[in-house]
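Take a look at the structure set out below.
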Amino acid sequence: GNARRGQGAARKGVMTESRRTLVYAAAVIAAALAAHVFCIQNGFVDYDDDTYVFLNPHVSAGLSLENVRWAFTTGHVANYHPLTWLSHMLDVTVWQLGPRGHHMTNLALHALNALLLFILLLRTTRRAPESWAVALVFAVHPLHVESVAWVSERKDVLCGLFTILSLLAYTRYTQRRTIAGRAVLAFAFAGALLSKPMAVTVPFVLLLMDYWPLQRTGDTSLGDTLPLRMRRLIVEKLPLFGMAALLCVITYLLQRRGGGMISLYQMPIIDRIENALIAYVLYLWKLFWPFNLSPIYPLPEGGPALWRAILAGLLLLAITIALWTRRKRAPYALMGWLWYLGMLVPAIGIVQVGFAAMADRYMYLPMTGILIAVIWAGADMLRGFDPERARSVVFAFGFILVAGLAALSQKQTLIWRDSESLFKHAIAVTRNNAEAHAHLGV
């Protein structure tokens, strides 16, 4: 009888946990939809939407064998992202050329990404409240509005989908090291690469996951030393690094041929490094203070200020050293920080494309590392407090935070309702924004 009662309690506990997980998942989806729902009533904007969709003869004709062939062979807009082209074509086939359906697809993909992020963190860490918190902030943060409300940034949310699927596939592969598992991982990673070149950093993120939360760098089952374990972990990812390197070469050649790449004469390497250091800090600032967001952030006239670059570099170095010294007590903090630094490398401006200093859309996936570091650190700090009281305080604060971020996202989404509203806003929140003035004039 005691055994039966124990089994019944265990089953009840499993059911309760499953029900709680479903509630978490439903809340993440609802939050993502609520924060960006107004984008469905927005139109197209004269900011790449014409080139990508409504004036593109291949996309506006919908899916066909000829257009599929074009998607995989074109270097249009100086990028190679055939899956992005195919997704736009599918939208036209299903929704015609009205903007509502295209916005709905972006929104659905973002909500799915937030859900998959929750599942990924839950599977790898087994810490549901922290995983839920990261996914909720990811779902509603205003820095994501550009990727969701701008039809042309389909490549962001689509690349995000395949990137998170890659991380899930890798987690599965580390549990069951099979050829099929490697094939699924390679397929998902190829999908990310063919959606947006920024996915080239995924193999680096997999190495970070080996450190935490998978803790494969400390695996002594094979009797390896740490250098040998690291070498083994790198070698198993060489095919992925090879795929990333190939896309880097293709993208570089297309950007150079398409005229989008800025020469060293136009912007010297020292200016690029200075802008990159400042941008890393500004992205952090906008993550914690998401106001005055703009679709266009112009480079400062005369180049970045040297003193600002030096201060930014010192701050980044200080944070890195501080987290390195605490790597044993808080491995998640170092992992999240390196996730942020590493994933931004392709878009940080060392290889400068156009004259923008930064862009909100580049934070779509990199911000996840900072969210992990901050939320896990906060959870660990609360462990010494009374559980019931801490839970009540955290829930109240978290509700206010998520609701506030969602309200800001709703407001930011309305800025994208049409071209005039978009460029007037860019001019209002930035200075000397020649590109926004030119677009508004047109």
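Scanning the stretch 261-305 for residues that are in a loop (DSSP other than H, G, I, E, B) and open to solvent by less than 20 Å² (accessible area, probe 1.4 Å) yields a count of 8. Where residues in the stretch 97-115 are open to solvent by 20 Å² or more (accessible area, probe 1.4 Å) and among the aliphatic types (A, V, I, L, M), which of them is nearest to Asn42 (Cα to Cα)? Ranking the candidates gives Met104 first. Among the residues of this structure, Leu253 counts as one that is over 22 Å from the mean Cα position of the chain (by Cα) and either over 21 Å from Leu117 (Cβ atoms) or assigned to a helix (DSSP H, G or I) (or both).
Across the stretch 357-397, the number of residues qualifying as at pLDDT below 95, over 19 Å from the mean Cα position of the chain (by Cα) and among the aliphatic types (A, V, I, L, M) comes to 7. Looking only at the stretch 21-44, how many residues end up being free of Cβ contacts under 8 Å to residues at least 12 places away in the same chain and either more than 19 Å from Phe395 (Cα to Cα) or surrounded by 17 or more Cβ atoms within 10 Å (Cβ to Cβ) (or both)? The qualifying residues number 0. With Thr325, Thr320 as the choices, which residue is among the β-branched types (Val, Ile, Thr), over 22 Å from Glu153 (Cα atoms) and either buried (at least 19 other Cβ atoms within 10 Å of the Cβ) or in contact with a helix residue (DSSP H, G or I) (Cβ under 9 Å, 6 or more places away or on another chain) (or both)? None of the others qualify; the one that does is Thr320. Under the condition of being more than 21 Å from Gly354 (Cα to Cα), open to solvent by less than 70 Å² (accessible area, probe 1.4 Å) and touching a residue at least 60 places away in the same chain (Cβ under 8 Å), the residues counted in the stretch 416-441 number 2. Of everything listed in (1) under 24 Å from the mean Cα position of the chain (by Cα); (2) without any contact (Cβ under 8 Å) to a residue 24 or more places away in the chain; (3) not in a helix (DSSP H, G or I), the single unmet condition for Leu86 is (3). As a summary of the residue check, Val59 satisfies the conditions (1) open to solvent by less than 30 Å² (accessible area, probe 1.4 Å); (2) part of a helix (DSSP H, G or I); (3) more than 22 Å from Leu365 (Cα to Cα) except for the one numbered (2).
Once the stretch 182-207 is narrowed to residues that are closer than 14 Å to Phe241 by Cβ and touching a residue at least 60 places away in the same chain (Cβ under 8 Å), the residue that is most open to solvent (accessible area, probe 1.4 Å) is Phe204. Is it the case, given these coordinates, that Leu214 is over 23 Å from the mean Cα position of the chain (by Cα) and open to solvent by 20 Å² or more (accessible area, probe 1.4 Å)? Spelling it out, it is not the case that Leu214 is over 23 Å from the mean Cα position of the chain (by Cα) and open to solvent by 20 Å² or more (accessible area, probe 1.4 Å).
I'd like to check something: does the stretch 166-181 contain any residue that is open to solvent by 20 Å² or more (accessible area, probe 1.4 Å), out of contact with any Cys (no Cβ under 9 Å at 6 or more places or on another chain), free of Cβ contacts under 8 Å to residues at least 24 places away in the same chain and closer than 22 Å to Leu112 by Cβ? The answer is yes, given that some residue of the stretch 166-181 is open to solvent by 20 Å² or more (accessible area, probe 1.4 Å), out of contact with any Cys (no Cβ under 9 Å at 6 or more places or on another chain), free of Cβ contacts under 8 Å to residues at least 24 places away in the same chain and closer than 22 Å to Leu112 by Cβ. Answer yes if at least one residue in the stretch 132-153 is open to solvent by less than 10 Å² (accessible area, probe 1.4 Å), of a type in the set (Phe, Trp, Tyr) and under 17 Å from the mean Cα position of the chain (by Cα), and no otherwise. Yes, some residue in the stretch 132-153 is open to solvent by less than 10 Å² (accessible area, probe 1.4 Å), of a type in the set (Phe, Trp, Tyr) and under 17 Å from the mean Cα position of the chain (by Cα).
The values are calculated or read from the model by the stated rules, or taken from the named source; none is laboratory data. This structure is a prediction, so every number in the text was calculated from the model and none was measured. Glycine also receives a Cβ, built like all others from the backbone with ideal geometry; neighbour counts cover every protein chain displayed. Side chains included, ligands, DNA and RNA excluded: accessible areas come from the protein's heavy atoms. Shrake-Rupley method; radii C 1.70, N 1.55, O 1.52, S 1.80 Å.
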